[in-house]
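Step one of this worksheet: look at the structure below.
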Amino acid sequence: MASSSDPTHDTVAADAAYDAMAAEYAAEGEENAYNALYERPATIALLPPVAGRDVLDAGCGSGPLSAWLVAHGARVTGFDTSPRMVELARARGLPGAAFSVGDLGAPLTQFADDSFDAIVASLVLHYLHDWVAPLRELRRVLRPGGALVCSTHHPASDVELSTTGDYFATELLHDRWEKGGTTFDVRFWRRPLSAMLASIAEAGWRVDRLEEPQPLPACRERDPEAWARLTTKPAFLFFRLVPA
Ligand SMILES: C[S@@+](CC[C@H](N)C(=O)[O-])C[C@H]1O[C@@H](n2cnc3c(N)ncnc32)[C@H](O)[C@@H]1O
């Protein structure tokens, strides 16, 4: 993994940040507006049928999506750079699911070609500077007829954090997240939509669906602040990709 002091490296040292906030992130993510009422439902809505299928959860975190997948009949393999996150995913005791430490920014040598019927990469791609090599690897391990569903920070929303204010730049951004009363430093890459689409095409994928969804209606009452924000400013962007 890259050193957190080396912003030129392709991968941000997200494992260190996520290791530090694993328990807080996992607990909040089960119920909060951004994950439970917005990101996860939108990702799930883009998935192909998963019952009886082999599904890869790349950047699985503590496994909330893996839990949904297993509950809906999938055989799940998940990996994440954060050992703490992987521990939390394993602690769920999901039948038939296997979790390991792994880096989407490196070749996925642990997986043979054509290993999975579907792949989900939820909120992980923005930790990678280069998208082409990881997307090629995901393409390699996907079986014919499969699909990759991924979500990422929305480039228009993240431009608010940019120090250059240049929408067209691909740049490393810094943010501070409050989780469980503690503040954590996080860093991720922002790039324009055109750069995302260019990498997707170069890696051999075609965009089947692109979504800028609304949160679930329950968000209005449970978190009016998040509702006001998410219904007027997209936080994340969602793709369903199929081999070109
Ligand atoms: C925002 S969390 C999302 C976790 C999970 N997908 C979910 O929806 O709850 C991002 C996750 O990506 C992981 N991650 C960051 N960079 C990664 C990389 N290069 N390879 C694999 N996982 C990575 C982090 O450790 C963290 O668990």
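Rule-based calculations on the coordinates, nothing more; no lab input. Computed from a prediction, not measured in an experiment: that's the story for all the values here. All Cβ positions, even for glycine, are placed from backbone atoms using ideal geometry, and neighbour counts span all protein chains on display.
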Please sort through the DSSP H helices of the chain and keep those with an alpha-carbon extent of at least 15 Å along the long axis and a Kyte-Doolittle average not below -1.0.
14-31
Highest mean first, what order results for 127-133, 191-197, 110-116 on Cβ atoms within 10 Å?
127-133, 191-197, 110-116
Counting only C-alpha contacts under 8 Å and six or more residues apart, can you give the relative contact order of the chain as a whole percent?
21 percent
Using only the Cα atoms of region 67-160, what do you get for the radius of gyration and for Dmax, in Å?
14.0, 42
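Could you tell me which of rounded, prolate or oblate describes region 65-119, using a ≥ b ≥ c as the square roots of the eigenvalues of the alpha-carbon gyration tensor, with rounded for a/c under 1.5 and, failing that, prolate when a/b is larger than b/c and oblate otherwise?
Working: a/c = 2.34, a/b = 1.15, b/c = 2.04.
Oblate.
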Pairwise FRET efficiency - H72 versus T164, Cβ, R0 = 41 Å, nearest 0.05
0.45
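Based solely on its DSSP helices, what 222 nm [θ] is calculated for the chain when runs of n ≥ 4 H residues each add -39,500 (n - 2.57) and the sum is averaged over all residues, nearest 500 deg cm²/dmol?
-8500 deg cm²/dmol
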In terms of the Cα gyration tensor, with a ≥ b ≥ c the square roots of its eigenvalues, is region 108-244 rounded because a/c is under 1.5, prolate because a/b exceeds b/c, or oblate?
prolate
